[in-house]
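The structure appears below as structure tokens.
All of the numbers you see were taken from the coordinates with simple rules; none came from a lab. Note that the structure is predicted; figures quoted are calculated from it, not measured.
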Amino acid sequence: MQVQSEQKPYDDINITPMLDLAYVLLVIFIILTTASVQGAKVDLPKGSAAQSLAVPKTKVISISSQGQVFLDAVPVSLAELEHRLRDLKAVTPDLPVVLKGDRAVQYDKIIAVIDIVSHVGISSLGLAYQRSVGS
């Protein structure tokens, strides 16, 4: 009894693993590009884990170590900040704001910004910080 083994050429290409990889990379790219919050680069103080307020309509107020105030990475004075926040609040009544203050900034500058946010009537204010390693 003789067994004939047929050697057929493999002419189909299975692209399923390649598509899976492409979809995973696409999802990772989308998450990484939409998860960041705009603002000036400041050295944030450490803190414990908490839920982030980072949503696309969130406005970021940053205070550099020199005391310069930024609204979404654009330098503004305190008077300009109040005017722009009033305009934004008129368009979006439930406007959330995140305050990023450098750890070396004077405390009175942060209080002045918090007073402006409160005076404008914005009730959703978050403070950004860096999570401590090992907490």
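Evaluate Rg over Rh across segment 82-135, taking Cα atoms for both radii and Kirkwood's formula for Rh.
Taking Rh as the inverse mean 1/r over Cα pairs, Rg/Rh reads 1.06.
How large is Rg over Rh for segment 58-114, taking Rg from the Cα atoms and Rh as the Kirkwood inverse mean of 1/r across Cα pairs?
With Rg and the Kirkwood Rh in hand, the quotient comes to 0.96.
Return the aspartates and glutamates within reach of LYS59: Cα separation strictly under 18 angstrom, same-chain partners fewer than 8 residues apart disregarded; answer none if there are no such residues.
Here the aspartates and glutamates satisfying the reach criterion relative to LYS59 are ASP72, GLU80, GLU82, ASP87, ASP94, ASP102, ASP115.
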